[in-house]
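Structure first, then comments.
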Amino acid sequence: MFRQPNPGEEGFDQDRPKFFCLDMFPYPSGAGLHVGHPEGYTATDILCRYKKMKGFNVLHPMGWDAFGLPAEQYAIQTGIHPAQTTRKSIDNFRRQLQRFGFCYDWSREFGTIDEDYYKWTQWIFLRIYDSWYDTDAQRGRPISELEQEFASGKREVRYNPDAAEYAGAGELPMGAAAGGWEPLDDETKRTILDSYRLAYVGNQTVNWCPKLGTALANEEVIDGRSERGGFPVFRKPLSQWMFRITSYADRLLAGLEDVDWPTSTKAMQAQWIGRSEGAEIDFSLTNAPVMAKPSLRVFTTRPDTIFGATYMVIAPEHPMVQAILEEPPPGSDVSALVEYCGAASNRTDVERQESKEKTGVFTGVMALNPATGEQIPVWTSEYVLMSYGTGAIMAVPGQDERDWEFAEKFDLPIVRTVQPPAAFDGKAYTGEGVAINSGFLDGLGVAQAKSKMIDWLGEQSCGVRKVNYRLRDWLFSRQRYWGEPFPIVFDQRGWHYPVKAEALPVKLPELADYAPEVSDEPKPLLAKATEWLKTTAGEVGVSGRPADQAMTRETNTMPGWAGSCWYYLRFCDPKNAERFVGKEAEAYWMDGGVDLYIGGAEHAVLHLLYARFWHKVLFDLGEVSTDEPFSKLFHQGLITSFAYQRKDKSLVAIDEVDETAEDTYVERESGESVKQITAKMSKSLKNVINPDDVIAEYGADTFRLYEMYMGPLEASKPWNTRDISGLLRFLQRAWRLVLDEDTGEPMLSDTPDETLEKKLHRTIAKVGGDIERLAFNTGIAAMIEFVNAGTSAKESGAALTRDQALRFSQVLAPFAPHIGEELWSRLGGSGLVSQAYWPEHDEAMLTDDEIEIPVQIMGKLRAKIMAPAGADQKALEELAMADAQVKQLIEGKQVRKVIVVPGRLVNIVAQ
RNA sequence: GGCUUCGUAGCCCAACUGGUAGAGGCGGCGGGUUCAAAGCCCGCACGGUGCAGGUUCGAUUCCUGCCGAGGCCA
């Protein structure tokens with residue numbers, strides 16, 4: 001019924017404007033919908049129904065984000081295939097959503113687990129795999145163009161300078177300088193190209209739990225043991241697929257300026273990207289191991305403080321450490337180093353940064369501070385992370401809290417290089433101030449000093465201006481079963497090749513059981529699918545290889561994020577078998593991006609960042625027509641619930657509390673009085689509301705109205721079952737306003753009541769405006785007001801005409817579609833109200849002829865006068881001054897000034 | 001600790017770019033309808049906007065500080 005044709009299809013009306021309204025599609029959990037889902041969905045539903053009535057082509061789709069961990073864990077316990085449980089959950093979700101009467105175009109429904117969907121997820125992965133980021137052009141391009149530029153000599157042949165995971169980052173390959181690209185051997189060529197790919201294989205340290213046979217997220221590891229089972233967890237390097245999202249850091253940051261998103265979400269994304277400007281500085285080493293580079297490179301955001309750099313610290317994983325162990329300089333304690341670095345490597349970055357007590361070991365290596373010329377020691381400590389900057393820092397205890405702590409602990413010198421304020425009594429001073437103890441920088445402010453120091457370092461050829469990001473490349477491999485397989489195969493040498501488009505999708509194989517294998521070596525689940533693993537060059541289309549050459553499939557799967565990175569595009573053209581989305585459909589619906597995207601703030605960082613990244617790559621490759629996917633974003637607030645709190649702030653489940661008097665609550669068992677607070681719904685507090693129960697008792701329309709009436713859409717607000725009855729009463733009143741309670745027949749008047757007509761126009765205008773700005777709570781209040789006015793008028797014999805009643809049901813219908821249709825049909829409306837037009841309102845009906853104007857004297861309300869609505873300043877002033885009460889109050893005072901705001905008030909300044 | 005949103009009636013919330021603090025709902029109280037209750041109908045009350053300052057003719061709205069709550073990141 002709500003099918004929306006695409007451009008070119010029968011029934012498509014190209015004269016209408018388009019509106020693409022997207023809900024964050026749900027993960028269909030076994031528990032079914034919770035009350036948070038319908039909040040956002042009702043909001044978009046009201047807006048979409050309204051937009052349809054206003055004559056828009058509305059794209060309002062729904063689907064399922066259906067790969068994910070819970071289904072897999074359930075499969076491990078029960079042996080039931082995740083597809084089976086997931087399909088069942090989807091059916092349940094669909095049933096529940098349909099009960100709400102949402103106007104989704106169900107002909108566009110799909111799940112991320114559908115083969116003809118994940119086929120294209122794999123295809124997009126390959127497009128990204130086949131791309132590189134041209135830092136000059138600031139955009140992604142096909143890797144074939146890079147190869148051409150190397151071959152033609154247009155671009156110097158070297159490893160990607162931004163690919164830290166390739167040991168030769170930025171360097172020329174052996175022999176390249178002389179002969180260029182052609183003479184290089186295949187392996188070198190390949191490695192160079194791989195270093196540029198936007199999807200690459202990187203070595204990432206993961207939390208490996210041999211007993212569980214899986215890698216764990218940082219949150220799943222507690223004190224070196226698995227949260228589930230308490231098994232030991234080790235940090236282990238693992239070959240993983242990575243996305244070079246860091247190449248897009250600047251674009252992802254800049255794009256935030258062009259979108260209409262909540263400022264908090266923009267701030268979160270910007271913070272996540274974490275752009276910081278500073279300098280990269282090389283400290284030369286006086287006794288570097290021969291194997292290591294003769295200098296140590298650091299990144300710092302505070303080059304202005306370099307005169308206070310009294311020591312250096314490298315991460316325990318820093319390559320220099322290995323070099324030192326092989327060739328220890330005098331003064332180094334090898335066994336202490338080995339022990340320290342080994343222990344540190346088993347701790348996550350988060351744990352390492354959280355440690356209160358600073359630890360570390362002197363490496364024996366000494367460096368030269370280029371500014372002071374003094375020798376400073378190089379230490380290693382876990383508080384420096386290999387994954388940020390260069391994995392090495394210059395430590396400036398005077399201006400950095402962690403460096404200060406470290407220096408105090410190990411008795412290293414501390415030199416202040418920024419003058420703290422006189423009142424400052426802390427340790428490290430990180431604020432603004434003038435430079436001191438800093439030679440030629442003395443007296444300069446922080447910003448100036450930074451700039452001057454970077455220039456100076458440049459002159460000395462030991463430092464350059466550098467932008468650094470907190471954003472890391474995106475780890476895209478999971479050792480799980482229930483995800484998209486990678487469209488990648490390996491030969492015996494371990495070289496990777498893409499699966500040709502015609503051989504997609506690479507289908508997920510069936511497994512006999514889903515339990516991870518106990519293993520010391522990280523081994524993805526798909527490795528158990530021994531038959532599936534084996535393929536040939538011919539089958540998957542590896543070019544330049546014999547067709548019967550054996551190939552092995554990639555056994556990692558994609559993370560849960562993959563499917564949600566581009567589903568909005570598929571909704572534009574979900575049945576397309578030729579492309580991931582048809583060009584025409586994409587150009588039409590995505591013109592200007594998704595017009596409104598509503599979903600929870602919990603996805604404010606990762607999902608939205610990942611989807612934007614994919615979208616930008618696709619845009620650069622000419623596959624989509626916009627740079628940003630979501631032009632307007634909105635987060636619905638959390639629906640919380642009541643909970644009870646003891647004096648010690650511990651929480652009590654709702655069924656263990658009695659209300660002894662109004663607003664007085666007592667814990668039954670102990671008799672202790674408890675405080676009512678709001679908290680997240682949770683099973684343990686027994687305060688979870690099941691939508692099915694609410695619908696059974698009150699109906700879907702009441703549910704919809706209640707959730708929209710609770711408060712502003714973006715606010716978090718508590719569910720209070722007691723309040724629902726108000727909305728049920730409203731619907732009943734609305735019914736009785738126009739229909740006979742017993743017979744259900746219309747009870748209407750033939751002649752319109754002028755007051756009600758006016759009120760109706762105002763209601764139409766108010767509700768329409770409120771829907772546009774997503775202020776559903778006030779829109780509903782306006783409808784309640786109208787019904788209350790109509791009900792009161794009935795006492796005095798007035799009633800709505802058929803025409804008025806029909807218009808009211810048109811206004812009500814987007815909010816309460818079931819009763820809206822019922823009223824419409826009983827009142828004799830033609831067709832369906834959901835296909836009717838939104839009623840017009842007359843602007844002239846919105847204003848009164850005569851209005852009440854407050855008169856203030858010295859800003860205090862003193863009188864009220866009646867004035868014609870259009871009265872100008874002068875007329876209003878005269879009316880105010882003529883008012884008897886005003887006259888009396890300003891008697892004997894000097895009127896200094898009279899402020900008149902036409903239509904609003906008069907303020908007399910008199911003394 | 002940083003970023004961010006927000007504190008209005010017993011509760012949930014209105015108040016548009018500063019302009020009469022109150023639209024609406026819940027709950028409470030009173031009245032009507034009724035043999036009675038539920039229901040329905042009508043009516044009523046309650047706060048000066050977390051606290052302290054500032055800007056302004058005028059501040060719930062803008063600014064500063066503090067207190068408290070939520071979200072995100074450390």
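The values are calculated or read from the model by the stated rules, or taken from the named source; none is laboratory data. Predicted model only: the values in this text are computed from it and were never measured. All Cβ positions, even for glycine, are placed from backbone atoms using ideal geometry, and neighbour counts span all protein chains on display. Surface areas here come from the heavy atoms of the whole protein model, side chains and all, with no ligands, DNA or RNA. Shrake-Rupley method; radii C 1.70, N 1.55, O 1.52, S 1.80 Å.
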Report task. Find the residue count for region A:312-346, including only residues that are in contact with a helix residue (DSSP H, G or I) (Cβ under 7 Å, 6 or more places away or on another chain) and not β-branched (Val, Ile, Thr). Result -> 8
Query raised in the report: Would you call A:Phe283 in a helix (DSSP H, G or I) and either aromatic (Phe, Trp, Tyr) or not assigned by TED's automatic domain parsing to the domain that holds A:Arg402 (or both)?
Result: no
Report summary line: Of the residues in region A:103-120, those that are open to solvent by less than 10 Å² (accessible area, probe 1.4 Å) and either under 16 Å from A:Ala813 (Cα atoms) or more than 26 Å from the chain's Cα centre (by Cα) (or both) come to A:Cys103, A:Tyr104
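Answer yes or no as to whether A:Glu669 is assigned to a loop (DSSP other than H, G, I, E, B), of a type outside the set (A, V, I, L, M), over 19 Å from A:Ile819 (Cα atoms) and open to solvent by 30 Å² or more (accessible area, probe 1.4 Å). Full working, then the answer.
Values: assigned to a loop (DSSP other than H, G, I, E, B): yes; of a type outside the set (A, V, I, L, M): yes; over 19 Å from A:Ile819 (Cα atoms): yes; open to solvent by 30 Å² or more (accessible area, probe 1.4 Å): yes.
For A:Glu669, the condition - assigned to a loop (DSSP other than H, G, I, E, B), of a type outside the set (A, V, I, L, M), over 19 Å from A:Ile819 (Cα atoms) and open to solvent by 30 Å² or more (accessible area, probe 1.4 Å) - is met.
If the requirement is being in contact (Cβ under 8 Å) with a residue 40 or more places away in the chain and closer than 23 Å to A:Asp65 by Cα, which of these qualifies: A:Leu511, A:Leu475? Let's see the steps before the verdict.
Numbers: A:Leu511 fails: in contact (Cβ under 8 Å) with a residue 40 or more places away in the chain.
Being in contact (Cβ under 8 Å) with a residue 40 or more places away in the chain and closer than 23 Å to A:Asp65 by Cα holds for just one of A:Leu511, A:Leu475, which is A:Leu475.
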Report summary line: Those residues of region A:386-430 which are of a type in the set (A, V, I, L, M, F, W, C) and at pLDDT below 85 amount to A:Met386, A:Ala422, A:Ala423, A:Phe424, A:Ala428
Query raised in the report: Residues in region A:832-855: is at least one part of a helix (DSSP H, G or I), in contact with a helix residue (DSSP H, G or I) (Cβ under 9 Å, 6 or more places away or on another chain) and under 23 Å from A:Tyr706 (Cα atoms)?
Result: yes
Query raised in the report: If only one of A:Ile90, A:Ile46, A:Ile76 is more than 29 Å from A:Trp241 (Cβ to Cβ) and in the same structural domain as A:Leu569 (by TED's automatic domain parsing), which one is it?
Result: A:Ile46
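Kindly evaluate A:Gln4 against the criterion of being without any contact (Cβ under 8 Å) to a residue 60 or more places away in the chain and part of a loop (DSSP other than H, G, I, E, B).
Working: without any contact (Cβ under 8 Å) to a residue 60 or more places away in the chain: no; part of a loop (DSSP other than H, G, I, E, B): yes.
Spelling it out, it is not the case that A:Gln4 is without any contact (Cβ under 8 Å) to a residue 60 or more places away in the chain and part of a loop (DSSP other than H, G, I, E, B).
Just to verify a result, which residue in region A:62-100, among those that are in contact with a Ser or Thr (Cβ under 9 Å, 6 or more places away or on another chain) and under 30 Å from A:Pro17 (Cα atoms), is surrounded by the most Cβ atoms within 10 Å (Cβ to Cβ)? Working first, answer last.
So the first thing to find is which residues in region A:62-100 are in contact with a Ser or Thr (Cβ under 9 Å, 6 or more places away or on another chain), and the list is A:63-68, A:70-71, A:74-75, A:78, A:85, A:89, A:93, A:100.
Okay, now just the ones that are also under 30 Å from A:Pro17 (Cα atoms), so A:63-65, A:100.
Working: A:Gly63: 26, A:Trp64: 24, A:Asp65: 19, A:Phe100: 23.
Residue satisfying both the conditions and the ranking: A:Gly63.
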Requested in this report: Among residues belonging to region A:732-746 that are open to solvent by less than 70 Å² (accessible area, probe 1.4 Å) and away from RNA strand B (no atom under 12 Å from the Cβ), point out the one that is farthest from A:Ala798 (Cα to Cα).
Outcome: A:Gly744
Requested in this report: Could you look through region A:378-391, keep only residues that are buried (at least 23 other Cβ atoms within 10 Å of the Cβ) and part of a strand (DSSP E or B), and pick out the one that is nearest to the chain's Cα centre (by Cα)?
Outcome: A:Thr380
Query raised in the report: Is there any pair linking a residue in region A:825-843 that is open to solvent by 60 Å² or more (accessible area, probe 1.4 Å) to one that is part of a helix (DSSP H, G or I), with Cβ under 6 Å and at least six apart or on different chains, and which?
Result: A:Tyr837/A:Met53; A:His841/A:His761; A:His841/A:Ile764; A:His841/A:Ala765; A:Asp842/A:His761
Query - Search result, residues across region A:392-419 that are surrounded by 21 or more Cβ atoms within 10 Å (Cβ to Cβ) and closer than 16 Å to A:Glu357 by Cα - result: A:Pro397, A:Asp400, A:Asp403, A:Trp404, A:Phe406, A:Ala407
Requested in this report: Could you run through region A:686-709 and say how many residues are closer than 14 Å to A:Phe642 by Cα and open to solvent by 30 Å² or more (accessible area, probe 1.4 Å)?
Outcome: 3
Query raised in the report: Which of the residues belonging to region A:685-731 are at pLDDT below 90, in a helix (DSSP H, G or I) and away from RNA strand B (no atom under 11 Å from the Cβ)?
Result: A:Leu685
Query raised in the report: Within the bounds of region A:1-21, is there any residue that is open to solvent by 60 Å² or more (accessible area, probe 1.4 Å) and under 30 Å from A:Glu510 (Cα atoms)?
Result: no
**Report entry** Among (1) closer than 30 Å to A:Gly458 by Cβ; (2) in contact with a Cys (Cβ under 9 Å, 6 or more places away or on another chain); (3) part of a helix (DSSP H, G or I), the one test that A:Glu317 misses
**Finding:** (3)
Requested in this report: With the condition kept exactly as written, say whether any residue in region A:758-767 is away from RNA strand B (no atom under 13 Å from the Cβ) and either at positive phi or not aliphatic (A, V, I, L, M) (or both).
Outcome: yes
Query raised in the report: Can you find even one residue in region A:134-144 that is closer than 25 Å to A:Gly30 by Cα and of a type in the set (Val, Ile, Thr)?
Result: no
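Go through A:Gly40, A:Gly32, A:Gly8 for me and flag whichever is at pLDDT below 95 and touching a strand residue (DSSP E or B) at 6+ places or on another chain (Cβ under 7 Å). If you could, list the steps in order and put the result at the bottom.
Details: A:Gly32 fails: touching a strand residue (DSSP E or B) at 6+ places or on another chain (Cβ under 7 Å); A:Gly8 fails: touching a strand residue (DSSP E or B) at 6+ places or on another chain (Cβ under 7 Å).
Residue meeting the stated conditions: A:Gly40.
Would you point out which residue out of A:Thr801, A:Thr791, A:Thr778 is assigned by TED's automatic domain parsing to the domain that holds A:Thr702, of a type in the set (Ser, Thr, Tyr) and under 36 Å from the mean Cα position of the chain (by Cα)?
Values: A:Thr801 fails: under 36 Å from the mean Cα position of the chain (by Cα); A:Thr791 fails: under 36 Å from the mean Cα position of the chain (by Cα).
Only one candidate passes the filter, namely A:Thr778.
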Report summary line: Counting only helices (runs of 4 or more DSSP H) wholly inside region A:69-176, the ones holding at least 2 residues that are farther than 29 Å from A:Ile695 by Cα and free of Cβ contacts under 8 Å to residues at least 60 places away in the same chain are A:69-78, A:143-152
Report summary line: Across region A:131-159, the tally of residues that are in contact with a strand residue (DSSP E or B) (Cβ under 7 Å, 6 or more places away or on another chain) and surrounded by fewer than 16 Cβ atoms within 10 Å (Cβ to Cβ) stands at 1
Query raised in the report: Restricting the search to region A:237-268, which residues are at pLDDT below 90, within 30 Å of A:Asp194 (Cβ to Cβ) and open to solvent by less than 50 Å² (accessible area, probe 1.4 Å)?
Result: A:Leu238, A:Gln240
Report task. Output the number of the condition that A:Ile853 fails; it satisfies all remaining conditions of (1) crowded, with 18+ Cβ neighbours inside 10 Å; (2) under 41 Å from the mean Cα position of the chain (by Cα). Result -> (2)
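Look at region A:865-911 and say how many of its residues are β-branched (Val, Ile, Thr) and without any contact (Cβ under 8 Å) to a residue 24 or more places away in the chain. Even if it seems obvious, please write down each step before you answer.
As a first pass, look at region A:865-911 and keep what is β-branched (Val, Ile, Thr): A:865, A:886, A:890, A:895, A:898-901, A:906, A:908-909.
Retained after the next criterion (residues that are without any contact (Cβ under 8 Å) to a residue 24 or more places away in the chain): A:895, A:898-899, A:901.
Within region A:865-911, residues that are β-branched (Val, Ile, Thr) and without any contact (Cβ under 8 Å) to a residue 24 or more places away in the chain number 4.
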Report summary line: Of the conditions (1) closer than 30 Å to A:Phe440 by Cα; (2) of a type outside the set (Phe, Trp, Tyr); (3) open to solvent by 10 Å² or more (accessible area, probe 1.4 Å), the single one that A:Asp333 does not satisfy is (1)
Query raised in the report: Is it true that some residue in region A:897-904 is assigned to a loop (DSSP other than H, G, I, E, B), open to solvent by 40 Å² or more (accessible area, probe 1.4 Å), more than 9 Å from RNA strand B (Cβ to nearest atom) and farther than 23 Å from A:Thr763 by Cα?
Result: yes
